[in-house]
Every structure is written in C-alpha cells, then in structure tokens.
1. What do you reckon, how do VAL58, VAL161 stack up by accessible area (1.4 Å probe), largest on top?
2. TYR158 versus GLU96, label points 7 Å from Cα toward the beta carbon: distance in nm?
3. At 0.36 nm per residue, and after removing the present C-alpha to C-alpha distance, how many nm does the segment from LYS129 to LYS66 gain when stretched out fully?
4. At LYS110 and GLN32, where each label point lies 7 Å from the Cα along Cα→Cβ, what is the point-to-point distance in nanometres?
5. Output wanted: per-residue J couplings in Hz (rounded whole) for region 89-97, from phi through Karplus 6.51 cos²θ - 1.76 cosθ + 1.60, θ = phi - 60°, x for Gly and Pro.
6. Hey, can you find the accessible area per residue of region 5-188 for me, probe 1.4 Å, expressed in square angstrom?
7. Using θ = phi - 60° and the Karplus relation 6.51 cos²θ - 1.76 cosθ + 1.60, list the HN-Hα couplings for region 45-53 in order, rounded to whole Hz, with x at every Gly or Pro.
8. For the chain, what class follows from the C-alpha gyration tensor (a ≥ b ≥ c being the square roots of its eigenvalues): rounded when a/c is under 1.5, otherwise prolate if a/b is larger than b/c, else oblate?
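The values are calculated or read from the model by the stated rules, or taken from the named source; none is laboratory data. Fair warning: this is a prediction, and the values are worked out from it, not measured in the lab. Please note: Cβ atoms are built from the backbone with ideal geometry, for glycine as well, and neighbour counts cover all protein chains shown. Just the protein is used for accessible areas: all its heavy atoms, side chains included, with ligands, DNA and RNA removed. Shrake-Rupley method; radii C 1.70, N 1.55, O 1.52, S 1.80 Å.
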Amino acid sequence: MVLPIYLYGHPVLRTETKTVTPDFPDLDKLIQNMKETMYATDGIGIAAPQVGVSARLVYIDVDVLKDDLPELAGVNIVLINPEITVDESVEPVTREEGCLSIPDIHENVKRYERIHIRYADENWVIHEKDIEGYLARVIQHECDHLNKTLFTDHVEGYRKVMIRNKLLNIAKGKIDCKYRVKTAPKLHRK
Ligand code: NI
C-alpha cells in the first residue's frame, strides 16, 4: 500500500525514533508499504518517519542511478536500527540532494565519503560494512531522518536564506505535489 509522505514542518519528522524490536507490530507490512511508497514517489531512499512512523527503519534502492554509477546496479537494502560511524580522515564531498519530505528543493550538502555501518536486515541478520561514495551519502541522508535531521538543516549561508520561504510554504501546506502527502497540522505551523 502506498502511504502518504509526511512533509517538512510535520512534527513526526522532528520526533525521537524508537529502536525496532522483532516484536514490532506488522514490521513486514510496514517495510513492504515503505518500498511501495518509495517506488511510487520515485525516491531512492525512505525513512520510517517520512511515512509517519517513529522507528529506526530505512529502505534504500539506488539501482535507478546505475547508468551514471554502475556500482549501484541492483543495490537495495532494508536497514533496521542502523549505526553509522564516519571516516573523518577522508575529505567530505559536496553534492546536490533532495528529499521526498521537502518537494522541489535541491541543495548542495557536504557528506562524509566513507562510512562504517552496522544494521539488521529484514530477517534480523546483522551486517557490518564499509561503504563509500554515493551510497554512503544516501545512507547518511536517511539515517539523519532517524535523528530528527533533514538535509536542509545542513544548508548554510545565503542558500539557507534562499530556501527559507519555500520551506515555510511547505510547512504551511502551500505545495503542489505529484504524490499524496500529509502536511503539518495547523497547530504546528509557524
Ligand atoms: Ni529525505
């Protein structure tokens, strides 16, 4: 089932997420719904808070980028309770990002190029991997969602000023979106 995407300004995107346990109700269904939602919205990654669930769960499928980045062919992963450590010895790289929760805004974000990640997959098998390049970026973006952080929080200087009104409009629900969304309840709009 395709779920609505919770947009910038909705408090669920700024809510503490809970560790997922094997007894999490209908976990398989949630993962399936997140996959369907991500494909329906042409995303390459989705975190549970973006469908209104405060849980440490992410789905990523970067196969669509394979023409430019052949190493991403066939790469899709469910990340349950991911833990990241970044390699600060490698110079961070700046690239453009976007987010299903922040439609029509694309900005440069500096990210670490190499990370180490530990996570459980949907069968509760634990994985530990070193990942670099674009996939490391996508994982950092999605894991930020689990820590109440959005990519626009990393935007600095005049670009931050430039996007301010756009962000306010999204938070006020003044946004046309191709997919079904949930905007912030009026109480939280400012
Ligand atoms: Ni995002």
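1. The most accessible residue leads, giving VAL161, VAL58.
2. Computed distance between label sites TYR158 and GLU96 equals 1.8 nm.
3. Answer, rounded to one decimal: 20.6 nm.
4. Using points 7 Å along Cα→Cβ, the separation is 4.4 nm.
5. Those phi angles translate into 6, 9, 4, x, 10, 9, 8, 6, 10 Hz.
6. Each residue of region 5-188 exposes 53 Å² on average to a 1.4 Å probe.
7. Once θ is set to phi - 60°, the couplings for region 45-53 become x, 8, 10, 3, x, 6, 10, x, 10 Hz.
8. Oblate, since a/c reaches 1.5 and b/c is not below a/b.
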